[in-house]
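Here's the structure we're looking at; comments come further down.
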Amino acid sequence: AFIGYVGKNMCDAAACGETRVFERDVPLVKRSAAVQILLDLSGSTAGEPAAVLKCAAARLESALKGIPGVAARTAIFPDEEVRGAAPVTDWSTPAHALARVVGPIPGSGPTPLKNALFWAGLGLIARDEAKKIVFIVTDAPGAGSRAVREIDALRSVGIEPVMLVAGDRPTGDAALWRRILCAHAPSASDVPRAMRELLAKLARRGAFGS
């Protein structure tokens with residue numbers, strides 16, 4: 001019998017399909033995936049919503065970077081020019097650095113999701129990993145038809161779009177919800193459940209490699 005403590009990062013990794021939670025020295029599954037996390041820090045997230053989203057993104061990046069063969073980084077949107085996205089961590093940034101980096105950044109400005117998705121797609125296309133994912137962390141999809149078209153374009157080049165929506169209720173373009181794998185976390189306490197739900201669905205689709 002196994003006696004010990006299983007931390008939250010290990011649970012998150014298990015949701016991704018990681019089989020080495022207990023046997024860390026025997027590689028059983030080959031992973032090959034690059035994940036671009038897009039963290040929404042627009043004006044609608046100001047205050048407590050931004051804190052919840054930052055926590056979710058930090059936990060997600062930490063879990064993904066703990067899986068051999070999976071690369072992850074995070075960008076926030078809007079960027080300084082409020083037109084697109086700006087990276088706040090890199091593929092080689094230590095797993096637990098994100099929370100410290102984004103902590104002081106307030107939520108402000110518009111929500112240029114279309115441009116952020118375009119930027120993410122360019123970065124992922126250049127990666128060598130077999131699987132590529134854009135993981136949007138936001139308080140509301142609110143994307144409109146332009147983001148829907150961009151999501152379809154990402155999927156056409158083999159990039160899987162995913163969205164975690166944290167907030168009282170999901171709003172925005174209903175067409176977006178029909179085109180993208182989504183989970184809704186009504187409150188901060190629901191974020192871990194929603195995130196693991198998405199990671200498990202991605203793992204079942206083979207989105208992290210095989």
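Label sites at Asp90 and Asp128, each approximated as a point 7 angstrom past Cα along Cα to Cβ, lie 1.7 nm apart. Ranked by the mean number of other Cβ atoms within 10 Å per residue, highest first, peptides 50-63, 150-163 order as 50-63, 150-163. Among 127-139, 93-105, 185-197, 73-85, the peptide with the highest mean count of other Cβ atoms within 10 Å heads the list, and the full ranking is 127-139, 73-85, 185-197, 93-105.
Values quoted throughout were computed directly from the atomic coordinates according to the rules given, and no laboratory measurement underlies them. Just so you know, these numbers come straight off a predicted model, no measurement behind them. Glycine gets a Cβ as well: all are built from the backbone with ideal geometry, and neighbour counts include every protein chain shown.
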